[in-house]
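In what follows, a structure is listed as structure tokens, so that the remarks can point back to it.
Laboratory data are not the source of any read-out in this text; all were calculated from the coordinates shown. Small disclaimer: the values here were computed from a predicted structure and weren't measured. Cβ atoms come from the backbone with ideal geometry, glycine included; neighbour counts cover every protein chain shown.
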Amino acid sequence: MTHPYRETSVVEPPRPRDYRPLFRALYAVALLCVASGATALALLSIGCHPNLPPIAGCVAGVYRCAPSGAPEVCSASSRWEPIGDAPCSRSGGVCVAPTDGPAHCARAQSDAAADASDASDGGAE
């Protein structure tokens, strides 16, 4: 007869822990991070495209009146950049590009006003 406290029982060895679900979750998180990073880089590259005018080959610092009637200046990268937001005709003026100064919008004069001698311009000819 065996003693009740001395009975031997078969003890199963502990099973190794199954880490596969944890690895699947980490893989999914890593994949999500890579996908979101790639999407962010793609959106940044699309959204950060500068809207520059074409290279015109002009001399930097030279002013002119564009065909649309807006004053322009040649930038350091040889592009005609507009001065202001709208052509001069929108405000009722005309574009003037003097050789010794910046192009700008000036008040339009009628033919009669241009022929008459007027002191409003300070007597400048």
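Take the residues in the stretch 34-65 that are under 18 Å from the mean Cα position of the chain (by Cα) and touching a residue at least 24 places away in the same chain (Cβ under 8 Å); name whichever of them is surrounded by the fewest Cβ atoms within 10 Å (Cβ to Cβ). Per the stated criteria, the residue is P54. Among the residues of the stretch 71-82 satisfying the criterion of being among the hydrophobic types (A, V, I, L, M, F, W, C) and outside any loop (DSSP other than H, G, I, E, B), which is nearest to the chain's Cα centre (by Cα)? So, considering only residues that are among the hydrophobic types (A, V, I, L, M, F, W, C) and outside any loop (DSSP other than H, G, I, E, B), the one nearest to the chain's Cα centre (by Cα) is W80. Is it the case that S68 is among the polar types (S, T, N, Q), out of contact with any Pro (no Cβ under 6 Å at 6 or more places or on another chain), part of a loop (DSSP other than H, G, I, E, B) and without any contact (Cβ under 8 Å) to a residue 60 or more places away in the chain? No.
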